[in-house]
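Notes follow once the structure below has been shown.
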């Protein structure tokens, strides 16, 4: 056996065994973490049942403080009083052990700690489902919450009853709608664009940072083409960016504008979508959908054109992340306005 073949055999064997060891360690960590989730729930449930339901708040606080000190001395800081209160919150918010069993198969304890910080039930369920579907790590989950992803999706602007209905569909059958997928605004601060730039600069920057762009849009987006050339009646047109969304099973055409939305943008996008439907759709796909990505919104135009009721979405993009309180105020105002429209 020559030296080259020997080295190749050795390297392959090393890589295969290394993969087996790493996978075993990963499985062991998951098993330990899963048991830890169950333990923390049982601890929280026991404290909740034995102490906190007695209606003596001060007594309960003192017991948990002392209990935390004793448990920390024996088992470490994982059982300090702050974590004991977290375990109680866990058992209170998820009282059904069968649900807890399902959760610990899907999420780590670190994931669950992050979810427990979210007070609003609908918002929490949104992040749990999107985390499950897109397989976010804890850092990604934190980033999505910090960027106010829920408030930026169309689903948050619906009445609570409709949000609950669509969440149930997602939980029970993995049926996702466009309102979970499309956002407004999109945060593109990672593109590093200067004060002045062209549409070509924006497009190029997106392609350079395509992975982060797709992460902002959602992991089910697959990039297909840039400047997709189409010919209609002998005239050339170009779709800025073309994607495919795996779960929606739809082509997604994106048109970039360095200005506010104009009514003629709708006609242009409709032309693109009809062409894609005629020439690019394959069996099993649904009608293409368009996203007009603008530097500014024109809310009354969009409302009068009833764009949110069709296959065209309009969204603003931000190349700089505004202060959180500014973004929060803007999004909450938009949500309140949209919910009021539903009541009319």
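A quick yes/no check of all residues on (1) at pLDDT below 90; (2) surrounded by fewer than 18 Cβ atoms within 10 Å (Cβ to Cβ); (3) within 18 Å of residue 110 (Cβ to Cβ):
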residue: 43; (1), (2), (3): no, no, yes
residue: 56; (1), (2), (3): yes, yes, no
residue: 61; (1), (2), (3): yes, yes, no
residue: 67; (1), (2), (3): yes, yes, no
residue: 78; (1), (2), (3): yes, yes, yes
Residue in the range 45-66 that is touching a residue at least 24 places away in the same chain (Cβ under 8 Å), within 32 Å of the chain's Cα centre (by Cα) and part of a helix (DSSP H, G or I) present: yes
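Output the residues belonging to the range 223-234 that are within 22 Å of residue 319 (Cα to Cα) and under 24 Å from the mean Cα position of the chain (by Cα).
Taking the range 223-234 and keeping what is within 22 Å of residue 319 (Cα to Cα), we get 223, 226-227.
Passing the criteria: only 223.
The values are calculated or read from the model by the stated rules, or taken from the named source; none is laboratory data. None of the values given here were measured: they were computed from a predicted structure. Using ideal geometry, Cβ is built from the backbone for each residue, glycine included, and neighbour counts are taken over all protein chains shown.
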